[in-house]
Structure formats: structure tokens, C-alpha cells
Protein chains: 2
Amino acid sequence: MKKLRVLLTREEIVPDRLPGATAVVLDVFMATTTLLTILQNGARGVYPVASLEEADEVAAKLDDEEVLRGGEQDAARIEGYDHGPFPGEYAPEVVGGKDVIFVTTNGTRAIADAAPAERVLLGSLRNAPAVARYLEGLETDSIYLVCAGSAGRFTVEDFLGAAVILSYMNVEGWRLNDGARLALDFADRHKDDVSGVLEQNRAGRWFVENDRMEVFDFVADVGASDLVPEVVDGKLRPAGG
Amino acid sequence: MKKLRVLLTREEIVPDRLPGATAVVLDVFMATTTLLTILQNGARGVYPVASLEEADEVAAKLDDEEVLRGGEQDAARIEGYDHGPFPGEYAPEVVGGKDVIFVTTNGTRAIADAAPAERVLLGSLRNAPAVARYLEGLETDSIYLVCAGSAGRFTVEDFLGAAVILSYMNVEGWRLNDGARLALDFADRHKDDVSGVLEQNRAGRWFVENDRMEVFDFVADVGASDLVPEVVDGKLRPAGG
């Protein structure tokens, strides 16, 4: 039977079980939302990396003139980097024609953790319906929706992203793990109040309390993007492209 | 502000943060349910241990004649052990006056992981209301409800146990983490259909499909016990006793 699983933190990944599977990595605040945006806004190359060291290694192979570095470590900006973790920092006029190397504390590490999978996709609220459609069109009998979480802990926003993706799929014929079943139950109750869920939880509340509603609203915009980024050889490209 | 957190797997524990806190460990199928039962049924000493080696160490200090060993490893019975993981194996006439050493794959390891906490309690569906009352009577500003999970993965039954405990508490004045908020939301929807939730998920389904309904019903009997086991120096005693 085909298996569809939601992992509530990246720590739930068992690398040995990933070969042959399709993994969708979700770090809604912010890595996968921002990476989607960078790809969508016309960067030439987008490179999610797991560490500052790996960022240096990737940079060494690229043309210095055209390289931008961005992300965060422990929610702080990175010294010497061009940009932070927020999607608004990567407008088309900023990233067009550039190579962007992007590193974050949780999200890009989760992408690295998922690397043993046959196929690694990036999910977020913005592209949730598109991810669901793409998954339904795939020939695969093993799907993992991987919530990045934060420092090893569950965060509701990634789970909400997984829940919304599931809510757009027909899961009949799939065996669901407990996490997937919980996600469907959660979606059933909350999928029409995504902003409400985000506001009440830790990361989302921060954006509300610090008056960063433009970021919050961007993140929460379910279905705003039809793009499904896939990680191929450490670089993003549109899935199925 | 006082903090109340639900950890969705034992892997979410950060040992450095536990000192001074009260931790409630939940492994509903079966370790904490069975340990509660062993204590309730009159064992002289109940020793949850993290490994077979530790079981040997503890046994070496006890009177051989009065020692029983029980538990499971990877869901299989343990060679040379007297009993398995199920509560029905520990009737009063079996455990009365005995020392019971108990080891399981997930639950007793979660208890060991929680050891840095000031206070370690055992929770289950059966004693959920009693645990809630006990927590409300404590002078503490830091509570962790630790779902054991299974092999690093989320399992809904432990989460349901945490949710039911929370549903009996007045959480006003507590700062909740995302896991706790999700648990309250889940309780709000499902606390009156505990058996229904268990049946639909992996572990619970096993008992239904294998006609072990007496175990299933025992586990699901919310409020059947008023006992709250506390782990003190590796041994169980009634909390507050």
C-alpha cells in the first residue's frame, strides 16, 4: 500500500527509509517560503545549504560577481551576508540573474536531511495547492511531508503547511501515519483560518507583535504561487521542468 | 510567565532545560499505563529502566527471590523475562510484595530522558484527570508533558494523553508552546471520543485487529485511576506521598 507520512520535526527523519521516496520539506517561517520566492523572482541559481561552511564551498564554485548570500543563524542576520531570511529582501530586481546561496538554522538543514530521498520538493502555504497537485500527478508510493520545526521542536506553522497540502489531496488509497492523520484532522478544522492559526502560535505572534504584517500576510497567502521547487544536485529548479 | 509545554516525541527534550521543571512522561501504549498498574496493584518496588543492562544492574541490588522482570524490546518479549508489556500481566496476586523491573523500547527510555527534571511523573489516559489535579496543586512554573512516541516518531495516543490532561487543567496564566496549543485544540474536538481516536491510529488499530480489546479498553479508560506515579531515585512512588 502506498504510504503518506507527516513528520512533525526534521528529527523524525530516518535517512535509511528515504531512498525511493518523495520528500516535501516545509519551513513556513521562513526558509521554504523565501526559497520559493527567490526562485520565482528569477534568480539564476538558488542554492539552499546546511551550514556557513557549505555556503563557502558552493560560493567557491560560482562567479563571485553574481553571488548573493542570504539567510539567518539562530534568527540573527549573518555577518558579511547580503540579505536576511525574509522573502521581501529578494525582489526580482535584486535576484534577477544572480546566484543566491541561502542558509538558515532549521529549514535548509531540513532540506539537507531529506537529501537521501529520490525527490526533494519545497512546500509552504503559498504553494500548498500546487504541491498537492504535483504529488497527485507523481508515480510514487512513498511520500514524506517533513515539517522542519525549530531547534528540534514542533512548530505549528510547518504542520499547518503540511495539513493544507493534505487537504488538497485525495488520500484514499494511501496509508497515513499518525502525523498525517492528525494533520488532516487539523486541516478539517482550521484550513479556512490559516491566519488565525498562525497568529495564535509562537512564530506568527512575533510578526504580529513586531508589526511585520507584510511578511505575515505574504507567508499566509495560500495558493499565491503555482511553483513547486525541487532540489536537484543542491540547486533549485521548478519540479517536473 | 509560567510555561507549559507539550513535547511531541521524547527526542524534543533538551536536557539542559529540565532542571527545576516538572515532567510528565506519557507512553499510553504501554509503558506508563502498565507501570501505573504495577504500582497500583501493590508491587513493593517498581523500577523503570532504560536498557537491559540497567535492568541487570538494578536486579543485582535486589533480593533475587522477589524480583520480576517485564517489558518488551521492539515489541517483542524479552528472553528470560517473566512478563511482557501488558497491564493484564501484572495482577495484584502476581506483583504483590514483589520488586518489578520494567524496560521498554520507548516509554522507559523517555522516563530516563526526563530524569534531569526536578520531578518526573507518569501520565496515561487512565490517570489523566488525577495528573491534571496534581499539576494544578503544585508550586511550579515549568511543566513538560513528554509524549514518548515510537522510535523517534510521533504517535497519536501519547499526544491524546497529553491533550486529555490539558483539557482538565485551567491553563490561564500559563504560556503554552505550539505543541500544547495543538493538544488543547485536539482535546477540544476529541476528548469525548478517546476510543474513536485510538482505533483510527496505528497502535490502537493493532489491538482492535488482533482482538485484544480488553487491553485497548483498559488503556482507554480515562479517569479509572487516581494514582500519579512519581519516579524518585529510579523507583516509583505515589506523587505527593
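Any read-out appearing in this document is the output of simple, stated calculations on the displayed coordinates, not a laboratory observation. Keep in mind the model is a prediction, meaning the values are calculated, not measured. Ideal geometry is used to build each Cβ from the backbone, glycine not excepted, and the neighbour counts take in all protein chains shown.
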Relative contact order of the range A:138-241 (C-alpha contacts under 8 Å, at least 6 apart) in percent is 18
Residues of the range B:172-215 with amide N under 15 Å of the 7 Å Cα→Cβ point at B:Arg17:
B:175-182
Cα lying deepest toward the dipole's positive end in the range A:147-207, options A:Phe207, A:Leu176, A:Val197, charges on Cβ:
A:Phe207
Treating the point 7 Å from Cα along Cα-beta-carbon as the label, what are the nm separations from B:Arg189 to the other copies, to one decimal?
0.5
The range A:60-133 - Rg and Dmax from Cα coordinates, angstrom
14.0, 39
Relative to the longest principal axis of chain A, what angle (0 to 90°, nearest 10) does the C-alpha long axis of helix A:31-40 take?
70
Please compute the volume of the convex hull spanned by the alpha-carbon atoms of the range B:10-160 and report it per residue in Å³.
114
At B:Glu214, label 7 Å along Cα→Cβ: distances to the other copies, nm, ascending?
6.8
Inter-site label distance for B:Glu199 and B:Glu172 at 7 Å from Cα along Cβ, in nm:
3.7
Against the longest principal axis of chain B, how steep is helix B:178-190, in degrees 0 to 90 to the nearest 10, with axes from Cα atoms?
90
Treating the point 7 Å from Cα along Cα-beta-carbon as the label, what are the nm separations from A:Ala91 to the other copies, to one decimal?
7.8
Hits in the range A:197-217: amide N under 13 Å from the 7 Å Cα→Cβ extension of A:Ala76, namely none
Members of B:Lys2/B:Lys98; A:Lys2/B:Lys3; B:Lys3/B:Lys191; A:Lys3/A:Lys235 lying beyond 30 Å, as alpha-carbon distances in this model show:
B:Lys2/B:Lys98; A:Lys2/B:Lys3
Listed with the fewest Cβ neighbours within 10 Å leading, A:Lys235, A:Lys61 appear as A:Lys61, A:Lys235
Using the Karplus curve 6.51 cos²θ - 1.76 cosθ + 1.60 with θ = phi - 60°, what ³J(HN,Hα) values do you get for each residue of the range B:62-77, in whole Hz, with x for Gly and Pro?
10, 7, 2, 4, 9, 9, 10, 10, x, x, 8, 10, 6, 6, 9, 5
By Cβ neighbour count within 10 Å, fewest first, A:Trp206, B:Trp174 rank A:Trp206, B:Trp174
Normalised contact order of chain A, rounded percent, pairs of Cα under 8 Å and 6 or more residues apart
33
Taking only the Cα atoms of the range A:15-90, how large is their convex hull per residue, in Å³?
134
Across the residues of A:3-11, average count of Cβ atoms on other protein chains within 10 Å?
3
Quick check: Cα centre of the range A:1-53 to Cα centre of the range A:145-167, how many Å?
11
For the protein assembly as shown, list log₁₀ I(q)/I(0) at each q in 0.07, 0.13 Å⁻¹, using the Debye formula over Cα point scatterers of equal strength and ignoring solvent, two decimals each.
-0.39, -1.14
May I ask you to sort B:Asp56, B:Asp64 by Cβ crowding, counting other Cβ atoms within 10 Å and putting the fewest first?
B:Asp64, B:Asp56
Could you give me D for the range A:84-241, from Stokes-Einstein at 4 °C and 1.567 mPa s, where the hydrodynamic radius is the Kirkwood radius over C-alpha pairs? Units µm² s⁻¹, please.
78
Run the numbers on the range B:135-192 and let me know its relative contact order in percent, using alpha-carbon pairs under 8 Å that are six or more apart.
34
Using just the helices of chain B, give the 222 nm mean residue ellipticity in deg cm²/dmol: DSSP H runs with n ≥ 4 each add -39,500 (n - 2.57), and the total is spread over all residues, rounded to 500.
-10000 deg cm²/dmol
Nearest 10 degrees, 0 to 90: helix A:156-167 Cα axis against chain A principal axis:
60
